[in-house]
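Novice: Below you'll find the structure I mean.
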Amino acid sequence: MSVFMTMRASGDPHALEQYAQEHPKEMQGVLDAAKNHGLIAHRFYGADDGGGMMVVDEWPDKQSFEEFFREQESVIMPMMAAAHVTGRPEPTFWEELATGDAVGWGA
């Protein structure tokens, strides 16, 4: 069963969007590398107050994400710096619980 990875960071989500617009090749390169490591789904989200962002990914397993991140860290960290992220965001991994009330996402 796949896992969801979330990573929150304080920073400027609008600066991340601007970086993405100005550096599409770098963004695509990271995305391609993630797909090569098994990425199933990916989204960036910005806080409605503009004070932070979150990554939500679905991966086959925790190890696939960790291998990807180690490989791409030298590219990802400058993106984070461009978004005024301070510190190193830490991922949290989530596994689906069998509660019998799943709706959507192919439940």
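Novice: Would you kindly derive the ³J(HN,Hα) couplings of the range 23-39 from the backbone phi angles with the Karplus curve 6.51 cos²θ - 1.76 cosθ + 1.60 (θ = phi - 60°), listing them in order in whole Hz, with x for Gly and Pro?
Specialist: For the range 23-39, the Karplus curve yields 10, x, 5, 5, 4, 5, x, 5, 4, 4, 4, 4, 4, 5, 8, x, 3 Hz.
Novice: Let me ask another. Rounded, prolate or oblate for the range 59-107? Axes are the square roots of the Cα gyration tensor eigenvalues, ordered a ≥ b ≥ c, and the cut-off for rounded is a/c under 1.5.
Specialist: prolate
Novice: Quote the relative contact order of the chain in percent (integer), defining contacts as alpha-carbon pairs under 8 Å separated by 6+ residues.
Specialist: Relative contact order, the chain: 45 percent.
Novice: Next question. For the range 3-107, run through the GluC sites (Glu not before Pro) and keep only the ones in DSSP coil with at most 15 other Cβ atoms within 10 Å of their Cβ.
Specialist: Sites meeting the loop and neighbour criteria: 95, 96.
Novice: Let me ask something else. Cα axis of helix 13-22 to longest principal axis of the chain: angle in degrees, 0 to 90, nearest 10?
Specialist: Once rounded, the angle reads 70 degrees.
Novice: If you take the square roots of the eigenvalues of the alpha-carbon gyration tensor of the range 10-97 and sort them as a ≥ b ≥ c, do you get rounded (a/c under 1.5), prolate (a/b over b/c) or oblate?
Specialist: Oblate, since a/c reaches 1.5 and b/c is not below a/b.
Novice: Is the shape of the range 1-43 rounded, prolate or oblate, going by the alpha carbon gyration tensor and its root eigenvalues a ≥ b ≥ c, with a/c under 1.5 for rounded and a/b larger than b/c for prolate?
Specialist: Oblate, because a/c is 1.5 or more while a/b does not exceed b/c.
Just so you know, all these numbers are worked out from the coordinates, no wet-lab data involved. Being a predicted model, the structure only gives us computed values, none of them experimental. Quick reminder, even Gly has a Cβ in these numbers, built from the backbone with ideal geometry, and neighbours come from all protein chains shown.
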